[in-house]
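The values are calculated or read from the model by the stated rules, or taken from the named source; none is laboratory data. Given the structure is predicted, the values throughout are model-derived calculations rather than measurements. Every residue, glycine as well, gets a Cβ built from its backbone with ideal geometry; the counts of neighbours run over all protein chains shown.
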Amino acid sequence: MSLYERVGNIHIHTLFSDGTASPTDVAAIAERVGLDYILITDHIAYPREFQGWHGHTLVLIGEEVHAPASPHLNHFLAFNAGEDVARYGDQPQRLIDAVRARGGLGFIAHPYERSGAFVSEPEINWVAWDADGYTGLEIWNYMSEFKAHVTTLPRALLYAFFPQLAITGPFPETLAKWDQLQHTRRIVGIGGSDAHATIYHLGPLARRVFSYQHLFRSVNTHLLVSSPWTGDASQDAQLVYQALAAGRAFVAYGGLAPARGFSFTAECDGATYTMGDEFSIHSEAIFRARVPARAHLRLIHNGACVAEATGTELIHRSSAPGFYRIEALRHYAFRERGWVYSNPIYVISAR
Ligand SMILES: [Zn+2]
Ligand SMILES: [Zn+2]
């Protein structure tokens, strides 16, 4: 099967909730930045009339839902539910089930937040870990990470003007939880920007931290879709949702380097598999990751790093079942920072 890489931004707020631009204006910005798709998720709002092709960018409408009584807990991203599902928001399991029953996909938003002391915003964590049936997790939420690092006024000022200094990668506790959950079943990882383009007041300065334009060049979710765009918005939406459901995806931070062209495959018995694929292993498999710029590559098997390489390629042979994923880090301003996070390839025992 030929696969086509589509780069898009997920988890965007507009004027339909607490964002600062209309869906049409947000779509125009995404097109200028060169995004193939965007997924708008306003709080408790589902303006589906904006779904469709806006120039060269496919605009999809989802929704971010929480319980009305506890707005600072359990934020959930519902995609492709076909209707407003906010009325199920009072119970996470009901909400997850309602999205699934409608053929939709559901992702836990910013599962762990760490709001820095300087940002007077509450931490919004997922606490309903007993609930199940969701598609996956937002493994990297750009604005959550940014807020966590803003602990003092000087830092706030520095990071507002040089955001690449603040961004280091997904929270380790989120990656650890993702790996832990993968031991029970497949959990798809996505990246979100949580784009609001809100203006923050930093002492004497008011600065829009950050513009939609900036956010659309930051944490994106790259998908491998199974056919070229058809031009029909509903068919093309299904290509996006199928790739998301299958985990044919990786998350990348464009602030370090462009990540288009990243690949992670496993070759076994003459067949080649990629992210989201599953195969049973009879003999040795060759795992291969390639990145479009020099990086520190780490192969994670069942949650532990089993191979590392520095450069543009990592090759590793293994016959052990389990789930394999790649992390790529790059050096910038005195430290290593997270750049690319793949979804796993799943290997099952032939016996
Ligand atoms: Zn949220
Ligand atoms: Zn949000």
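Can you find, within the stretch 224-244, the residue that is farthest from the chain's Cα centre (by Cα) among those that are surrounded by 19 or more Cβ atoms within 10 Å (Cβ to Cβ) and either closer than 19 Å to Trp178 by Cα or acidic (Asp, Glu) (or both)? Before the answer, list the steps.
Going through the stretch 224-244, the residues surrounded by 19 or more Cβ atoms within 10 Å (Cβ to Cβ) turn out to be 224-225, 236-237, 239-241, 243-244.
Next, from what is left, pick out any that are either closer than 19 Å to Trp178 by Cα or acidic (Asp, Glu) (or both): 236, 243-244.
Values: Asp236: 19, Ala243: 13, Leu244: 10 Å.
If we take residues in the stretch 224-244 being surrounded by 19 or more Cβ atoms within 10 Å (Cβ to Cβ) and either closer than 19 Å to Trp178 by Cα or acidic (Asp, Glu) (or both), then Asp236 is farthest from the chain's Cα centre (by Cα).
If you scan the stretch 54-73, which residues turn out to be modelled with pLDDT of 95 or more and out of contact with any Gly (no Cβ under 7 Å at 6 or more places or on another chain)? Can you show your working first?
Going through the stretch 54-73, the residues modelled with pLDDT of 95 or more turn out to be 54-65.
Hits for the stretch 54-73 are His54, Gly55, His56, Thr57, Leu58, Leu60, Ile61, Gly62, Glu63, Glu64.
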**Asked** (1) buried (at least 21 other Cβ atoms within 10 Å of the Cβ); (2) more than 21 Å from the chain's Cα centre (by Cα): which one isn't true of Asp130, the others all being true?
**Response** (1)
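So that you can scan it fast, the table gives a plain yes or no per residue for (1) within 16 Å of ligand 1 (Cβ to nearest atom); (2) on the phi < 0 side of the Ramachandran plot:
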position	(1), (2)
Ile38	no, yes
Ala45	yes, yes
His54	no, yes
Leu58	no, yes
Pro71	yes, yes
Leu77	yes, yes
Gly82	no, no
Ala86	yes, yes
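In the set Arg351, Arg298, Arg325, Arg317, which member is charged (D, E, K, R) and without any contact (Cβ under 8 Å) to a residue 12 or more places away in the chain? Show your work before the answer.
Details: Arg298 fails: without any contact (Cβ under 8 Å) to a residue 12 or more places away in the chain; Arg325 fails: without any contact (Cβ under 8 Å) to a residue 12 or more places away in the chain; Arg317 fails: without any contact (Cβ under 8 Å) to a residue 12 or more places away in the chain.
The match here is Arg351.
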**Request:** Any chance you could count how many residues in the stretch 6-32 are within 16 Å of ligand 1 (Cβ to nearest atom) and not polar (S, T, N, Q)?
**Result:** 7
**Per-region count, the stretch 95-114, residues away from ligand 1 (no atom under 16 Å from the Cβ), surrounded by 15 or more Cβ atoms within 10 Å (Cβ to Cβ) and not hydrophobic (A, V, I, L, M, F, W, C)** = 3
**Message:** Take Pro292 and tell me if it is at pLDDT 95 or above and not assigned by TED's automatic domain parsing to the domain that holds Glu336.
**Reply:** no
**Prompt:** Just wondering, is there one or more residues in the stretch 45-57 that are more than 12 Å from ligand 2 (Cβ to nearest atom), touching a Pro at 6+ places or on another chain (Cβ under 6 Å), assigned to a helix (DSSP H, G or I) and assigned by TED's automatic domain parsing to the domain that holds Leu137?
**Reply:** yes
**Request:** Being of a type in the set (Ser, Thr, Tyr) and either part of a strand (DSSP E or B) or surrounded by 15 or more Cβ atoms within 10 Å (Cβ to Cβ) (or both) is the filter here, so list the residues in the stretch 301-351 that pass it.
**Result:** Thr310, Thr312, Ser318, Tyr324, Tyr332, Tyr341, Ser342, Tyr346, Ser349
**Prompt:** With respect to Leu60, is the statement that it is within 16 Å of ligand 2 (Cβ to nearest atom), surrounded by 18 or more Cβ atoms within 10 Å (Cβ to Cβ) and either under 18 Å from the mean Cα position of the chain (by Cα) or assigned to a strand (DSSP E or B) (or both) true?
**Reply:** yes
**Request:** Scan (1) out of contact with any Leu (no Cβ under 7 Å at 6 or more places or on another chain); (2) over 19 Å from Val340 (Cα atoms); (3) more than 11 Å from ligand 2 (Cβ to nearest atom) for the single condition Leu35 breaks and write down its number.
**Result:** (2)
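Each row is one residue, and each column tells you yes or no for (1) modelled with pLDDT under 95; (2) out of contact with any strand residue (DSSP E or B) (no Cβ under 7 Å at 6 or more places or on another chain); (3) within 20 Å of Val251 (Cβ to Cβ); (4) hydrophobic (A, V, I, L, M, F, W, C).
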site	(1), (2), (3), (4)
Ser120	yes, yes, no, no
Phe146	yes, yes, yes, yes
Thr151	yes, yes, no, no
Arg155	yes, yes, no, no
Ile167	yes, no, yes, yes
Leu175	no, no, yes, yes
**Prompt:** Among the numbered criteria (1) small (Gly, Ala, Ser); (2) farther than 24 Å from Phe210 by Cβ; (3) in a helix (DSSP H, G or I), which single criterion is violated by Ser2?
**Reply:** (3)
**Request:** May I ask you to list the residues in the stretch 64-82 that are within 13 Å of ligand 2 (Cβ to nearest atom) and either surrounded by 14 or more Cβ atoms within 10 Å (Cβ to Cβ) or farther than 10 Å from Trp126 by Cα (or both)?
**Result:** Glu64, Val65, His66, Pro71, Asn74, His75, Phe76, Leu77, Ala78
